[in-house]
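Colleague: This is the structure I have questions about; it appears just below.
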Amino acid sequence: MADCTRCGRKLPALSFGKDSNLCSYCRQERDDIQPGGHVSQLLPAWRVGPSVTMAVIGINVAVFLAMTLSGASPLEPTSRQLVHWGADFGPFVLGEPWRLITCAFVHIGIIHIFMNMWCLWNLGQMAERIYDKGTYIGAYLLCGVGGSIASLAWQPLAVTAGASGAIFGIAGLLITTFWMGNLAIPKEQTSSIMRSLLAFAGYNLLFGAAVPGISNSAHLGGLFTGLVLGGSMASTLGRGQQQSRGFRWLILAGASVVMVILFQFAKQRIMAEMTQ
């Protein structure tokens with residue numbers, strides 16, 4: 001007997017007609033795709049509508065090009081140049097809290113941005129297929145802020161930049177989503193995706209701990225934020241689209257309030273470090 005070309009299930013001995021290489025489960029999933037409730041591995045990324053992930057990558061690349069054209073080194077920009085373009089730096093964040101977000105769009109050289117955008121391309125599009133675009137970008141920004149706050153609390157006087165906190169957050173979002181959500185994909189594929197996500201998080205955390213200059217606190221802050229958001233929103237998958245979207249936005253609003261509170265603690269840490 002032949003196997004389904006998508007999930008590997010055994011096909012009936014006699015399969016005829018269109019899509020005879022797919023099992024009935026995969027045919028049904030393909031026909032029942034609903035935004036925010038189903039994932040389709042059959043559709044390539046360019047067929048799932050305008051990509052928020054591509055827009056975010058475009059903004060990151062545009063900022064990097066603008067930095068380079070303004071005179072910053074494409075390999076190793078200085079701390080002064082990074083701060084000028086919106087990097088995280090405790091003393092400046094006290095009066096310019098917008099740096100909690102802008103630092104996620106500033107990168108420390110071409111290798112840094114290439115690695116981050118490659119990871120975002122793979123993880124972001126997966127998250128974008130599961131959640132609606134508004135929820136996805138809201139979660140991305142919140143994870144970036146969570147990583148920034150964690151970095152400030154750990155190293156208040158360090159200059160930090162990069163999208164890795166937000167990217168770790170998307171990995172965390174996907175981990176708890178696949179673990180707790182009711183997604184219409186075969187269990188075998190869920191297990192394979194989970195192993196890949198856990199390997200990504202584990203390897204990069206170990207790499208960050210071993211290599212000087214990498215802000216693992218930002219990685220952990222983003223990852224934890226994503227895990228909590230994914231665990232909170234996973235139960236909304238499979239409900240009516242409007243009901244799910246409203247509940248997810250309520251969760252994101254609550255998480256934003258928590259971020260404001262956590263930022264107050266980070267500010268105290270910054271001020272204490274500055275007075276020493």
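Please treat every number below as a calculation from the coordinates, not as lab data. The structure displayed is predicted, hence computed values, not measured ones. FYI the Cβ positions are ideal-geometry reconstructions off the backbone, even for glycines, and counts take in every protein chain you see.
Colleague: Relative contact order for the range 181-276: what percent, with Cα pairs under 8 Å and sequence separation of 6 or more?
Modeller: 30 percent
Colleague: I need the peptides 168-175, 74-81, 99-106, 127-134 ranked by packing, meaning the mean over residues of other C-beta atoms within 10 angstrom, with the highest value on top.
Modeller: 168-175, 99-106, 127-134, 74-81
Colleague: Positive end of the charge dipole of the range 105-247 (Lys, Arg +1 and Asp, Glu -1 on Cβ, about the Cα centre): tell me which of A127, S148, G181 has its Cα farthest that way.
Modeller: The Cα lying farthest towards the positive end belongs to G181.
Colleague: Counting just the Cα atoms, what span does the range 107-177 cover along each of its three principal axes? Round to the nearest Å and put the largest first.
Modeller: So the extents along the principal axes, rounded to whole Å, are 37, 26, 19.
Colleague: Restricting things to Cα coordinates, could you compute the convex hull volume per residue of the range 46-160 in Å³?
Modeller: About 104 Å³ per residue, rounded to a whole number.
Colleague: Moving to a separate point now. How large is the dipole of the range 51-274 about the Cα centre if only Lys and Arg carry +1 and Asp and Glu carry -1, each at its Cβ, rounded to the nearest 20 debye?
Modeller: Using only the charged Cβ atoms, the result is roughly 400 debye.
Colleague: Order these by the 10 Å Cβ neighbour count, fewest first: L120, L141, L69, L157.
Modeller: Ranking L120, L141, L69, L157 by Cβ neighbours within 10 Å, fewest first, gives L69, L157, L141, L120.
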